[in-house]
Amino acid sequence: ILVKPARENADVVVAAVADRDESHARAFAAKHGIARAHDSYDALIADPDLDAVYIVLPNSLHGRWTRAALAAGKHVLCEKPFTANAAEARDIAELAAKSDRVVMEALQYRYHPLTSRVEQIIASGELGRLQRVEVAVCVMLPKRSNSNIYDYSLAGGALMTDGSYTVDMLRTFGGSTPEVVSARAKLGGPEVDRAMTAELRFAGGHTGRLHCALWSSNLFWASAKVVGDRGRLRYLSPAAPHLLPRLTIRSADGKRVERFPRRTSYAYQLEA
């Protein structure tokens with residue numbers, strides 16, 4: 001998902017790739033024109049020609065390899081969630097500060113112009129006082145073909161997978177970290193949720209709702225809605241705004257639809 005955007009960015013070169021199975025690494029490198037293929041993650045982060053690494057591993061391994069990359073002097077772009085728990089996140093934040101390196105969680109939706117516009121509209125007061133924020137991200141990822149995300153030991157589950165988007169959007173659009181009023185999970189295995197719904201309350205008195213699912217009736221369905229006392233906005237595919245880049249706003253000024261570039265969010269993320 002980053003190889004093509006990287007080719008379009010003069011400041012980014014994908015110089016190496018690693019896999020525990022060297023044949024997989026070599027095949028990927030050959031397919032995408034990448035110069036070097038490493039047979040271990042240790043070899044990759046030790047590569048002196050690399051400035052930064054992109055970590056795309058099971059959730060439970062994000063913290064371990066982010067620490068290792070920082071210790072090797074590399075900047076890190078890590079897939080969400082960048083750690084499996086809050087204590088690990090605090091530890092890595094301290095390590096990044098001490099090493100003077102950047103650790104960035106790959107929540108690419110943040111960098112798309114549509115997301116920036118939503119934040120701008122909320123801040124402008126056009127919607128009035130916030131009343132409610134709702135975010136849903138649902139996908140169809142059957143357990144039989146995606147065992148890692150249904151494994152508790154690998155920090156799997158709906159909330160830890162695409163649910164990361166819903167939590168981050170609620171914080172971003174709601175203006176603070178909310179408290180959980182109630183939560184209901186549907187299990188997809190021992191200690192692992194295949195769906196999660198939660199009602200939330202923000203310090204300002206407005207409420208929120210998140211819903212995420214790995215066993216959706218649709219291949220992919222997602223939406224975000226922000227409601228104020230003078231207006232509301234809604235759009236689809238908030239976790240990947242480039243797929244459906246249009247925003248509907250209803251306020252005292254009437255109803256309008258704003259459209260945005262179809263350029264991928266991953267390209268904007270690389271620029272950031």
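Values in this text are rule-based calculations from the coordinates and carry no lab data. Source: prediction; values computed, not measured.
Calculate one ³J(HN,Hα) per residue across segment 9-25 by plugging θ = phi - 60° into the Karplus curve 6.51 cos²θ - 1.76 cosθ + 1.60, and present them in order as whole Hz with x for glycine and proline.
Result, rounded to whole Hz: 10, 5, 8, 10, 10, 7, 9, 7, 9, 9, 8, 4, 9, 4, 5, 5, 4.
Taking every pair of Cα atoms in segment 82-127, average 1/r, invert it to obtain the Kirkwood radius, and report Rg/Rh to two decimals.
Expressed as Rg/Rh, it is 1.18.
Rounded to whole Å and sorted largest first, list the principal axis extents of the Cα atoms in the chain.
58, 45, 39
Please state the Cα pair-distance histogram of segment 3-107 with 10 angstrom bins from zero: what percent is in each bin?
With a bin width of 10 Å, the distribution comes to 15, 46, 32, 6.
Pop out the ³J(HN,Hα) list for segment 77-84 in order, Karplus 6.51 cos²θ - 1.76 cosθ + 1.60 with θ = phi - 60°, rounded to Hz; leave Gly and Pro as x.
10, 10, 4, 6, x, 6, 9, 8
For the chain, modelled as a Gaussian network with Cα springs under 10 Å, which listed residue fluctuates most, Ala195, Ala27, Ala15?
Ala27
Quick one: which residues, 5+ away or cross-chain, put their amide H under 5 Å from the amide H of Ala46? H built at 1.01 Å from N.
Excluding prolines and chain starts, which carry no amide H, there are no hits.
Could you work out how far helix 163-174 tilts from the main Cα principal axis of the chain, as a 0 to 90 degree angle to the nearest 10?
Taking the Cα atoms of the chain, the angle to 163-174 is about 50 degrees.
Roughly how many Å is it from the Cα centre of segment 119-173 to that of segment 179-254, as a whole number?
Between the Cα centre of segment 119-173 and that of segment 179-254, the gap is 7 Å.
Across the chain, how many lysine pairs, 8 or more positions apart or on different chains, have C-alpha atoms separated by under 24 Å? Please give the number.
Taking the Cα cut-off of 24 Å, the pair count is 11.
Along segment 239-250, what does the Karplus equation 6.51 cos²θ - 1.76 cosθ + 1.60 (θ = phi - 60°) give for ³J(HN,Hα), rounded to whole Hz, x for Gly and Pro?
7, 9, x, 5, 6, 9, x, 9, 10, 9, 10, 10
Can you list the residues, at least 5 places off or on another chain, whose amide H is less than 5 Å from the amide H of Gln131, using H built in the peptide plane?
Amide H neighbours of Gln131: Val227, Gly228, Asp229.
Can you list the equivalent-ellipsoid semi-axes of segment 109-271, largest first and in whole Å, using the square root of 5 times each Cα gyration tensor eigenvalue? Walk me through the intermediate numbers first.
On the way: eigenvalues 159, 73, 32 Å².
Equivalent-ellipsoid dimensions as semi-axes: 28, 19, 13 Å.
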